[in-house]
Amino acid sequence: GAGVSQSPSNKVTEKGKDVELRCDPISGHTALYWYRQSLGQGLEFLIYFQGNSAPDKSGLPSDRFSAERTGGSVSTLTIQRTQQEDSAVYLCASSPGQGETEQFFGPGTRLTVL
Amino acid sequence: QQQVKQSPQSLIVQKGGISIINCAYENTAFDYFPWYQQFPGKGPALLIAIRPDVSEKKEGRFTISFNKSAKQFSLHIMDSQPGDSATYFCAARGTTSYGKLTFGQGTILTVHP
C-alpha cells in the first residue's frame with residue numbers, strides 16, 4: 001500500500017519568504033507527526049496531531065512555524081519569514097493511533113534557505 | 001536539553017563483524033525505545049524496539065540490550081553486511097507523550113565488503 005508522501009521533495013527559497021510543506025499520511029492513520037532533521041543531527045520533534053484533539057505544539061522552535069491538519073488527513077507545515085537556520089530536512093510520520101508505537105516516515109522535504 | 005545521547009557518531013566495520021551502537025537516556029519516564037534505520041534520501045524506518053520490562057530483544061541479526069539501572073541501551077548487528085550501511089538512530093518515548101519520540105544524534109555505519 002501507499003506510504004507517507006511529502007511534497008515538494010526539495011524546496012529552495014530566499015530568506016524572508018514563506019514556505020508550505022505538505023504531508024499525506026497513510027490512509028486511516030489518525031496520528032501525524034512533524035520532525036526536523038538538520039545536517040549531522042538527530043530528528044527534532046516539532047508537532048503532533050491525534051484525531052480531533054488539540055495538537056501538541058511543544059516542539060515548534062518559534063512562532064514563525066505553524067501547522068494544520070485538515071479533515072484528519074493531509075497536513076501542512078508553514079514556515080513564515082524563513083531564515084537560513086531553517087534549512088533542514090522536514091520529515092512527516094504517521095501511525096495508526098494514539099499509543100501506537102511504530103511511526104511510519106515519509107521521505108522528507110529538503111528545505112534550503114538562501 | 002539532549003535527553004538521548006548516542007555514540008559513536010560514525011562506525012566502520014568489516015563484513016561479517018559486529019556493529020555496536022550505544023545510547024544513554026536521562027528521563028526515567030521513558031517507556032519505549034526504538035531503533036530506526038535510515039538510508040540516504042529516505043525517511044527513517046523502524047528496525048527493532050524494546051520496552052524496559054525486558055533486558056534483551058533479538059530479531060534476526062539485530063539485538064537490543066537494555067540496562068534499566070544504568071539508563072542505557074544498545075544495538076548489536078551481528079554478521080554485518082554492506083547492505084546494513086546506513087544511519088541508525090536510537091529514540092525514546094515518554095509515558096505521558098504518546099506522540100513525541102526523542103531521538104539520538106545518529107550513527108553513520110559503514111560496512112566494508
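Observations, loosely collected:
- Dipole size of the range A:5-113 about its Cα centre, with +1 on Lys/Arg Cβ and -1 on Asp/Glu Cβ: approximately 260 debye, rounded to the nearest 20.
- Most positive-pole-ward Cα, A:Gly59, A:Ser95, A:Val113, against dipole of chain A from beta carbon charges: A:Val113
- Applied to the range B:50-57, the Karplus parametrisation 6.51 cos²θ - 1.76 cosθ + 1.60 on θ = phi - 60° returns per-residue 3J(HN,Hα) values of 9, 10, x, 8, 10, 9, 7, 9 Hz, with x for Gly and Pro.
- The range B:25-102 and the range A:32-94 have their alpha-carbon centroids 23 Å apart.
- Put simply, the amide H of A:Thr112, placed in the peptide plane, has neighbours under 5 Å in A:Lys11, A:Val12, A:Thr13, leaving out anything fewer than 5 places away on its chain.
- FRET efficiency for the A:Asn10 to A:Thr70 pair, using the beta carbon distance and R₀ = 30 Å, is estimated at 0.80.
- Rg(Cα)/(2.2 N^0.38 Å) for the protein assembly as shown, N = residue count: 1.02
- The slack in the chain from A:Asn52 to A:Ser27, taken as 0.36 nm per residue of separation less the alpha-carbon distance, amounts to 7.4 nm.
- Each Lys and Arg Cβ is given +1 and each Asp and Glu Cβ -1; about its Cα centre, the protein assembly as shown then shows a dipole of about 220 debye.
- Using Cβ point charges alone (K and R +1, D and E -1), the dipole size of chain B about the Cα centre works out to roughly 100 debye.
Values quoted throughout were computed directly from the atomic coordinates according to the rules given, and no laboratory measurement underlies them. No experiment lies behind these values; they were computed from the predicted model shown. Here Cβ is always computed from backbone atoms with ideal geometry, including for glycine, and neighbour counts include all displayed protein chains.
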